[in-house]
Amino acid sequence: MEKTRVCQICSGDLWGGKEAVSAVLARGIAVSSRIEGSAVVFREGRLLEELREAGLRVDLVDERTHGARAIAGALKRILRGTNAHVLHAHGHKEHVLG
């Protein structure tokens, strides 16, 4: 049976509620035999490290050096590469770009 591929998008600029939720989801995905996870974050920091430690593929699209159009283009390429079935976005910016 094919695994469901889930990609999370979260800015990761701070450590708060949405970042903690992303980390908890990543740990759950990591132990699931039915889900394969990946993530895209917009800043280096604790979230990026937590997601990698959980075993997810994590792509960084740094919002400090990429504008909205460039981020959207990068997301498009990344999502095509992961062939995700589900996109889970956390936050206003992430929802719009996702």
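Observations, loosely collected:
- Entry note, the chain: the mean residue ellipticity at 222 nm calculated from DSSP H runs of n ≥ 4, each adding -39500 (n - 2.57), is -13500 deg cm²/dmol after division by the residues and rounding to the nearest 500.
- Vicinal HN-Hα couplings computed from phi for the range 77-87 (Karplus, 6.51 cos²θ - 1.76 cosθ + 1.60; Hz; Gly/Pro x): 5, 5, 5, 5, x, 7, 6, 5, 7, 10, 10
- Taking amide hydrogens as placed 1.01 Å from N in the peptide plane, the amide H of H88 sits under 5 Å from those of C7, Q8, I9, each at least 5 positions away in sequence or on another chain.
- Taking amide hydrogens as placed 1.01 Å from N in the peptide plane, the amide H of G12 sits under 5 Å from those of F42, each at least 5 positions away in sequence or on another chain.
- The chain - percent relative contact order, Cα under 8 Å, separation 6 or more: 37
- Here the Karplus relation 6.51 cos²θ - 1.76 cosθ + 1.60, evaluated at θ = phi - 60°, turns the backbone of the range 8-22 into coupling constants of 9, 10, 8, 4, x, 6, 10, 10, x, x, 5, 5, 5, 4, 4 Hz, with x for every Gly and Pro.
- Anchor K18: lysines whose Cα lies under 21 Å away (excluding residues fewer than 8 positions away in-chain): K93
- Burial order of peptide ranges 83-94, 61-72, 34-45 (average beta-carbon count within 10 Å, highest first): 34-45, 83-94, 61-72
- Carbon/sulfur fraction of accessible area - the chain, other protein chains in place, 1.4 Å, %: 52
- Directionally averaged shadow of the chain, computed from the convex hull of its alpha-carbon atoms, nm²: 5.6
- Across the range 35-51, coupling constants 3J(HN,Hα) worked out from phi with the 6.51/-1.76/1.60 Karplus curve, θ = phi - 60°, read 10, 10, x, 8, 8, 10, 10, 9, 8, 6, x, 4, 4, 4, 5, 4, 5 Hz, and Gly and Pro carry x.
- E36 long-range amide H proximity, modeled H, under 5 Å: T4, R5, V6
- The chain - charge dipole about Cα centre, Lys and Arg +1 at Cβ, Asp and Glu -1, debye rounded to 20: 320
- Solvent-accessible heavy-atom area per residue, rounded to whole Å², over the chain at 1.4 Å: 58
The values are calculated or read from the model by the stated rules, or taken from the named source; none is laboratory data. What you see is a predicted model, and the numbers here were worked out from it, not measured in a lab. All Cβ positions, glycine included, derive from the backbone under ideal geometry; neighbour counts span all protein chains shown. Protein only, heavy atoms only, side chains kept; ligands, DNA and RNA dropped before computing areas. Shrake-Rupley method; radii C 1.70, N 1.55, O 1.52, S 1.80 Å.
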